[in-house]
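Read through the structure below, which is laid out as structure tokens, and then see the notes.
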Amino acid sequence: MNKPLCVIAGVGPGNGLALCHRFLEGGYQVAILARDLERLKGYAAADADIHPFACDFTNTDDIKSTFEQIHQQLGPVKVLAYNAGSGLFGAPLNVTLDDFESAWRVSALGLLAAAQTVAPSMIENGGGSILVTGATASLRGGANFGAFAAGKAAQRSLCQSLARSLGKEGVHVALVIIDGVIDLPRTRERQPDRPVSEFLQPAAIAETFYQLSQQDESAWTFEMDLRPRSESW
């Protein structure tokens, strides 16, 4: 029997790679997507069930062609983990219009393009999951989150629409709101005095995504938030 396919859109050394490892452990083959194909090839060298694909999540034509390529080579997608993010920050008056548009493209338009590509085959094959990495910025726009918050707020609204429209077709759409700082080499460098207990661990986040993908359809989660126990909220 062929292994089910999980596509992880947006893979780096943090959440993306942790998601890859968790779904591999769960018996999936995994397609990993990002702009930097050489970095992805390095990750894929560890396991024959990891398949790297270059993809620019600001470009809808690139997204659709990449997902079509994945379908042709690996088959239908069972789980889509949409982990792509913009990382564009700044006060509204200091954010360029191009950066604002780019944040929206990655967070919202890219998600829609990916969902439109994978959902029909999920429905045809009896169901699937679309799991999205969200952020607290989707709930409130901080002073220095002009572009990022707007993109994430649009993403959250889109997720609600996708969940309501696709749920009755057997596709589980869930949004995981990340509230806190993720434990990465670059975040450790920026905050060297921050205790380890105050960082979100990528493996723990990935475990939540995996469990969401396994939920019984009688008790689906749409939205959940994850934060360290020490985080103020």
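All of the numbers you see were taken from the coordinates with simple rules; none came from a lab. None of these values were measured; they are calculated from a predicted model. All Cβ positions, even for glycine, are placed from backbone atoms using ideal geometry, and neighbour counts span all protein chains on display.
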In whole percents, the bins of 10 Å from zero upward hold the Cα-Cα pairs of the chain as 8, 33, 39, 17, 3, 0
For the chain, the longest principal axis of the Cα atoms and the Cα long axis of helix 110-124 enclose an angle in degrees, to the nearest 10, of 30 degrees
Of the trypsin sites (Lys or Arg not before Pro) in the stretch 96-195, those whose Cβ has at most 14 other Cβ within 10 Å and which sit in DSSP loop
Arg140
Scan the stretch 1-101 for GluC sites (Glu not before Pro) in coil per DSSP, keeping those whose Cβ has at most 14 other Cβ atoms within 10 Å, and list them by number.
none
For the chain, longest principal axis from Cα atoms; helix 60-74 axis from its Cα atoms; angle between them, nearest 10 degrees, is 40 degrees
Between Gln215 and Asp36, what is 0.36 nm times their sequence separation minus the Cα-Cα distance? Round to one decimal in nm.
61.2 nm
Calculate for the chain the 222 nm mean residue ellipticity that helices alone would give, adding -39,500 (n - 2.57) per DSSP H run of length 4 or more and normalising by residue count, nearest 500 deg cm²/dmol.
-13000 deg cm²/dmol
Under 5 Å, built H, 5+ apart or other chain: amide partners of His51:
Val30, Ala31, Ile32
Proximal lysines relative to Lys41, as straight alpha-carbon distance under 25 Å, when same-chain residues fewer than 8 apart are discounted
Lys3, Lys64, Lys78
